[in-house]
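The structure appears right after this line, and notes come after that.
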Amino acid sequence: MLSRLFQCRRLRFSQRVGRRVLSLLVLMGLPLAAQAEGFDNLSSLADKGFIIGAQAQLLGSGESLGALDPTRRLSPASVTKLYTAAASLDRWGPQHRFTTQLMATGDVDAQGVLHGDLVLDGGGDPALTSENLWRLVQRLRERGVRAVDGQLVVSQWRFGPVTCVTTDRCKARTRSDNAYSALLSSAAVNYGSWCNRVKPGSAVGGEASISDCATVAPLTRLDNEVKTVAHGGDTRLSAERISSESGDTLRVSGQIARDSFSREIYRASSDPAEQTAKTLMALLEQAGIEVESYATSTTPPPTTAKRLAAVDGKPLQELLLRMLNYSNNFMADTLALDLVAKPRAELQDAGDALMRFAQELPGHGVPTLASGSGLTPENRVSARDLNALLAAMYQRSALFPTFVAGLQLPTNGPMHFIRRGSDTFQQQVMLKTGTLNEPVTVRAVAGYFRTQTGRWGSFAVLVNGTSQTPYLAWRQVLPLVAADLTEMIKSR
């Protein structure tokens with residue numbers, strides 16, 4: 001009995017010494033590449049060939065709770081969006097709103113005719129919607145405008161069309177079966193995607209009804225191959241947007257049950273500025289304002305142009321909540337492009353702006369950021385870099401509440417795959433995930449946690465595969481991270 005008691009005391013002493021040595025190494029700035037303390041479960045992935053960088057720390061004291069190659073620079077995937085959110089808050093603050101306006105290149109006469117062009121000046125609002133455009137049109141009517149004898153011109157002079165640099169976005173120029181690869185423009189509406197609503201037809205066996213979500217009348221050509229099936233039947237829909245010289249065509253196939261509610265389908269458009277022009281033309285027609293034609297432009301409105309109507313978007317704090325919770329790539333890259341001061345911005349300009357922001361953070365190294373969304377596989381940061389970012393935002397009392405509000409609590413996060421791990425992990429951790437499957441597997445996660453005694457901590461875990469490693473699902477990664485963080489949380 002005495003021998004067993006002595007062994008237990010010796011084990012606890014060794015553990016205390018180990019933690020003190022680890023803390024000393026951190027304070028001395030020595031490399032921790034061989035250390036896996038605190039991430040014993042996660043380190044098992046290294047045996048399967050995955051490359052890992054991880055670090056967890058207490059905020060305020062800076063005490064390290066765990067580290068595994070924390071300085072190794074790896075792809076963070078959508079965890080990159082934490083940099084976009086932080087840089088945006090630093091630049092504009094939580095209450096900033098992006099403004100979209102209608103300008104006139106001529107005068108409006110007594111009969112309500114605008115003698116000149118009506119110019120939509122795209123303000124880079126990452127969440128500009130059809131509702132915003134409708135409000136602009138109503139304010140135009142309030143000014144007495146009833147007709148335009150020039151053109152509707154949609155100006156994307158700030159940025160757009162932005163050169164594609166990822167496979168998905170380059171493919172989206174001709175066809176798309178998703179919304180996450182939406183192309184970018186400072187004058188884009190509805191996140192750069194067409195929204196169409198599919199409803200059951202009036203009779204079983206008949207064609208389903210498809211309409212535009214905002215204007216009812218479809219704004220693209222439709223290839224409708226959706227059939228209406230009997231009550232209680234399965235609803236299965238497949239959609240692809242295909243483009244040609246004559247414009248976009250939405251090809252929809254499948255079936256919808258007679259008793260089903262309508263289903264909405266989102267597919268990236270081939271030209272966001274033209275999508276905005278078509279949407280605005282339809283809304284102007286519905287409001288009884290006559291405009292004969294439209295065009296898109298990459299030049300600013302003339303300096304002599306006069307504002308006729310304007311609409312402010314949602315506050316930045318609401319934009320970040322949506323962008324982070326749903327990992328919206330279009331919103332993230334648009335916000336990063338907004339950070340660029342010069343017109344005609346490209347994605348690398350946005351990445352450069354984010355890198356300048358990151359390098360000014362205490363303790364942050366030199367990152368590689370080619371976009372604000374993380375879709376670019378070239379992005380590289382370390383777990384220590386991410387913890388430096390998280391620590392810096394924690395210290396910004398005016399910005400931290402907005403920043404942390406965008407992270408997901410696993411127990412009630414909108415992304416179901418994160419609802420894993422212990423109750424402690426699900427209820428005391430706030431996180432952002434990142435996922436890529438090509439050219440290699442990336443599973444990344446970073447955020448904050450609260451310990452048992454209420455102390456704040458931050459963590460970052462980057463797992464990258466190679467061309468030789470197998471596919472890695474979140475169900476193989478998140479439980480390991482959850483187990484390690486649970487032990488850290490309970491230990492403090």
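The values are calculated or read from the model by the stated rules, or taken from the named source; none is laboratory data. Since we're looking at a predicted model, the values are computed, not measured. For neighbour counting, all protein chains shown are included, and Cβ atoms are generated from backbone atoms with ideal geometry for every residue, glycine included. Side chains included, ligands, DNA and RNA excluded: accessible areas come from the protein's heavy atoms. Shrake-Rupley method; radii C 1.70, N 1.55, O 1.52, S 1.80 Å.
Checking each residue in the stretch 433-458 for being open to solvent by 10 Å² or more (accessible area, probe 1.4 Å) and either more than 19 Å from residue 381 (Cβ to Cβ) or touching a helix residue (DSSP H, G or I) at 6+ places or on another chain (Cβ under 7 Å) (or both) picks out 433, 435, 436, 437, 438, 450, 452, 453, 454, 455, 456. In the stretch 221-245, the residues that are more than 15 Å from residue 211 (Cα to Cα) form Cβ pairs under 6 Å with partners that are of a type in the set (Val, Ile, Thr) and open to solvent by 50 Å² or more (accessible area, probe 1.4 Å), at six or more places apart or across chains, as follows: 228/204; 230/204; 243/174.
The set of residues from the stretch 165-177 being part of a strand (DSSP E or B) and buried (at least 18 other Cβ atoms within 10 Å of the Cβ) comprises just one member, 176.
When we screen 145, 153, 162 for residues that are open to solvent by less than 10 Å² (accessible area, probe 1.4 Å) and at pLDDT 95 or above, the only hit is 145. For the stretch 97-109, the set of residues classified as in a loop (DSSP other than H, G, I, E, B) and touching a Gly at 6+ places or on another chain (Cβ under 9 Å) consists of 97, 98, 105, 106, listed by residue number. One residue stands out in the stretch 413-423 among those that are assigned to a helix (DSSP H, G or I) and open to solvent by 20 Å² or more (accessible area, probe 1.4 Å): the one that is farthest from residue 469 (Cα to Cα), namely 423.
Checking the stated criteria, residue 180 turns out to be under 25 Å from residue 314 (Cβ atoms), open to solvent by 30 Å² or more (accessible area, probe 1.4 Å) and modelled with pLDDT under 95.
If you take the residues of the stretch 251-262 that are at pLDDT 95 or above, under 29 Å from the mean Cα position of the chain (by Cα) and open to solvent by 10 Å² or more (accessible area, probe 1.4 Å), which of them is nearest to residue 118 (Cα to Cα)? If we take residues in the stretch 251-262 being at pLDDT 95 or above, under 29 Å from the mean Cα position of the chain (by Cα) and open to solvent by 10 Å² or more (accessible area, probe 1.4 Å), then 251 is nearest to residue 118 (Cα to Cα). Counting only helices (runs of 4 or more DSSP H) that sit completely within the stretch 265-384, those holding 2 or more residues that are of a type in the set (Gly, Ala, Ser) and either open to solvent by 10 Å² or more (accessible area, probe 1.4 Å) or at pLDDT 95 or above (or both) correspond to 272-286, 329-338, 347-359.
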